[in-house]
Amino acid sequence: MILTDKRIIEEMSKGTIKIEPFNRADLGSNSYDVHLGKWLAKYVDAELDAKKHNTIQYFEIPEEGFTLLPHEFYLGVTAEYTETHAHVPFLEGKSSTGRLGIDIHATAGKGDVGFCGNWTLEISCKQPVRIYKGMPIGQLIYFPVDGEIEIKYNQKTNAKYSSQPNKPIESMMWKNKF
């Protein structure tokens, strides 16, 4: 089951879902539209190493927009800060974004109960496309959980992406033991 617009608002009033800033016009019948924040980032090195902390370089999207290029990989961030304390959030691209050839996540569309922060976007595109800060970029949908949660994500000592800021966060794979 997916939460409806009325249920999302109910859960927000209970404090189990938080979206800031929240704009009622961005609430669909069963999703909430999120927007592209002002920061993008790119990895500095051409070759990445899963066992190493790979450096990223931040840059702000100018008012006139920024052109994404194919075969390039960008990290973006949602303008919205979210908290989800009793549901599983999923971030999906909007059809309008997809129809421009923009993918907003390579694999990480699911959040965990207890995720608190801005969402880092894993952005790639099929052809050059100009993007703008504040443009609708994706939508959040919420699923109820079945069963009791032992430890929420924001309470895990090894949560690598807890309290994400309003800037993209690079891969923390290097923190894993393998």
Original post:
Does Leu75 satisfy the criteria of being buried (at least 19 other Cβ atoms within 10 Å of the Cβ) and not aromatic (Phe, Trp, Tyr)?
Top reply: yes
**OP:** Determine whether Thr107 is hydroxyl-bearing (Ser, Thr, Tyr) and touching a Pro at 6+ places or on another chain (Cβ under 6 Å).
**Re:** no
Original post:
Within the set of pairs 6+ apart or on separate chains, which have a first residue in the range 10-33 that is closer than 19 Å to Lys94 by Cα, a second that is exposed (fewer than 10 other Cβ atoms within 10 Å of the Cβ), and C-beta atoms under 9 Å apart?
Top reply: Asp33/Ala25
Original post:
Just checking, how many residues over the range 50-70 are surrounded by 11 or more Cβ atoms within 10 Å (Cβ to Cβ) and touching a helix residue (DSSP H, G or I) at 6+ places or on another chain (Cβ under 9 Å)?
Top reply: 3
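Given the criterion modelled with pLDDT under 90 and farther than 28 Å from Phe59 by Cα, identify the matching residue among Tyr161, Tyr142, Tyr153.
None of the others qualify; the one that does is Tyr153.
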Subject >> Residue under evaluation Glu80, criteria (1) of a type in the set (Asp, Glu); (2) within 23 Å of Met173 (Cβ to Cβ); (3) not in a loop (DSSP other than H, G, I, E, B), criterion not met >> reply: (2)
Subject >> Scan of the range 4-27 for residues that are surrounded by 14 or more Cβ atoms within 10 Å (Cβ to Cβ), of a type outside the set (Asp, Glu) and not in a strand (DSSP E or B), ordered by number >> reply: Thr4, Arg7, Ile8, Ile9, Met12, Thr16, Phe22
Original post:
Going by the structure shown, is Met1 aliphatic (A, V, I, L, M), over 20 Å from Ile104 (Cβ atoms), in a helix (DSSP H, G or I) and out of contact with any His (no Cβ under 6 Å at 6 or more places or on another chain)?
Top reply: no
Subject >> Residues that are of a type in the set (Val, Ile, Thr), surrounded by fewer than 21 Cβ atoms within 10 Å (Cβ to Cβ) and either in contact with a Leu (Cβ under 9 Å, 6 or more places away or on another chain) or closer than 25 Å to His71 by Cα (or both), drawn from the range 98-130 >> reply: Thr107, Val129
Subject >> Out of Ser95, Ser163, sole residue that is loosely packed, with under 15 Cβ neighbours inside 10 Å, within 26 Å of Asp5 (Cβ to Cβ), of a type in the set (Ser, Thr, Tyr) and out of contact with any Asp or Glu (no Cβ under 7 Å at 6 or more places or on another chain) >> reply: Ser95
Subject >> Single residue of the range 135-150 satisfying the filter (surrounded by fewer than 18 Cβ atoms within 10 Å (Cβ to Cβ) and in contact (Cβ under 8 Å) with a residue 12 or more places away in the chain) that is farthest from the chain's Cα centre (by Cα) >> reply: Ile149
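The values are calculated or read from the model by the stated rules, or taken from the named source; none is laboratory data. Keep in mind it's a predicted model, so treat the numbers as computed, not measured. Using ideal geometry, Cβ is built from the backbone for each residue, glycine included, and neighbour counts are taken over all protein chains shown.
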